[in-house]
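Data block below; observations after.
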Amino acid sequence: MVHVGYAAPRAGVPAAASFRRWVEAALRGAKRRRATELSIRIVDVAEGRALNRDYRGKDYATNVLSFGADLPPGVQLPLIGDIVICAPVVAREAAEQGKAPRDHWAHLTVHGVLHLLGHDHIIEAEAEVMEALETRILAGLGIADPYRP
């Protein structure tokens, strides 16, 4: 189950059904077969910056943040966490990179889901695995490799 909340103007932001489709593609691509629940919150620059500052110590709005669920011991829920996507940053990046905005939204959604599933890109070898998985998932959605120049 995917919950989508909009805390930023909706202009240029995909509908909840698109986010759900992209999340499902990411879960399938990562071979996640059990029930899964997560939330996606679309935010403006002020909220994106505050969250990035408060949780990562970086005083700027970033494109996507993933917050894994920290469930108490013994609590068995399908919740894996929350994804926060900053709408103005996504729009700016898509324009700067010459990407279709919808493709960039899809990429960042898939990227966020993979983080919630334990993937990371700090170490180069892990980054290569994560990027290859993202590329394969996005190709299944008809979206070009976001890492190709």
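One residue stands out in the stretch 55-86 among those that are over 12 Å from the mean Cα position of the chain (by Cα) and either at pLDDT 95 or above or in a helix (DSSP H, G or I) (or both): the one that is nearest to Pro146 (Cα to Cα), namely Ala61. Residue pairs whose Cβ atoms lie under 7 Å apart, separated by 6 or more positions or on different chains, with the first residue in the stretch 53-76 and more than 16 Å from Gly112 (Cα to Cα) and the second at pLDDT below 95 and not in a helix (DSSP H, G or I), are Leu71/Leu77; Leu71/Leu79.
Considering only the stretch 51-62, I want to know if a residue exists there that is in contact with a Gly (Cβ under 7 Å, 6 or more places away or on another chain) and charged (D, E, K, R). Let's see the steps before the verdict.
Keep residues of the stretch 51-62 that are in contact with a Gly (Cβ under 7 Å, 6 or more places away or on another chain), which gives 61-62.
Next, only the ones that are charged (D, E, K, R) stay: none.
No, there is no match, as no residue in the stretch 51-62 is in contact with a Gly (Cβ under 7 Å, 6 or more places away or on another chain) and charged (D, E, K, R).
Only a single item in (1) surrounded by 12 or more Cβ atoms within 10 Å (Cβ to Cβ); (2) more than 16 Å from the chain's Cα centre (by Cα) is not met by Ala95, and it is number (1).
Kindly indicate whether Ile137 is at pLDDT 95 or above, of a type in the set (A, V, I, L, M) and within 14 Å of Gly29 (Cα to Cα). Walk me through it before giving the result.
Details: at pLDDT 95 or above: yes; of a type in the set (A, V, I, L, M): yes; within 14 Å of Gly29 (Cα to Cα): yes.
It is true that Ile137 is at pLDDT 95 or above, of a type in the set (A, V, I, L, M) and within 14 Å of Gly29 (Cα to Cα).
Could you say whether any residue in the stretch 111-120 is surrounded by fewer than 16 Cβ atoms within 10 Å (Cβ to Cβ), of a type outside the set (Val, Ile, Thr) and over 12 Å from the mean Cα position of the chain (by Cα)?
Yes.
Evaluate the stretch 41-54: report whether one residue or more is outside any helix (DSSP H, G or I), small (Gly, Ala, Ser) and within 23 Å of Ala15 (Cβ to Cβ).
Taking the stretch 41-54 as the starting set, the residues that turn out to be outside any helix (DSSP H, G or I) are 41-44.
If we keep only those that are small (Gly, Ala, Ser) too, we end up with none.
There is no residue in the stretch 41-54 that is outside any helix (DSSP H, G or I), small (Gly, Ala, Ser) and within 23 Å of Ala15 (Cβ to Cβ).
Please go through the stretch 14-40 and pick out each residue that is more than 15 Å from Asp82 (Cα to Cα) and part of a loop (DSSP other than H, G, I, E, B). Pro14, Ala15, Ala30, Lys31, Arg32, Arg33, Arg34, Ala35, listed by residue number. Of the residues making up the stretch 92-149, those that are of a type in the set (Asp, Glu) and touching a residue at least 24 places away in the same chain (Cβ under 8 Å) number 3.
Annotation note: of His104, His115, the sole residue that is modelled with pLDDT of 95 or more, part of a helix (DSSP H, G or I) and not aliphatic (A, V, I, L, M) is His104.
The values are calculated or read from the model by the stated rules, or taken from the named source; none is laboratory data. Keep in mind the model is a prediction, meaning the values are calculated, not measured. Backbone-built Cβ (ideal geometry, glycine too); neighbour counts: all protein chains shown.
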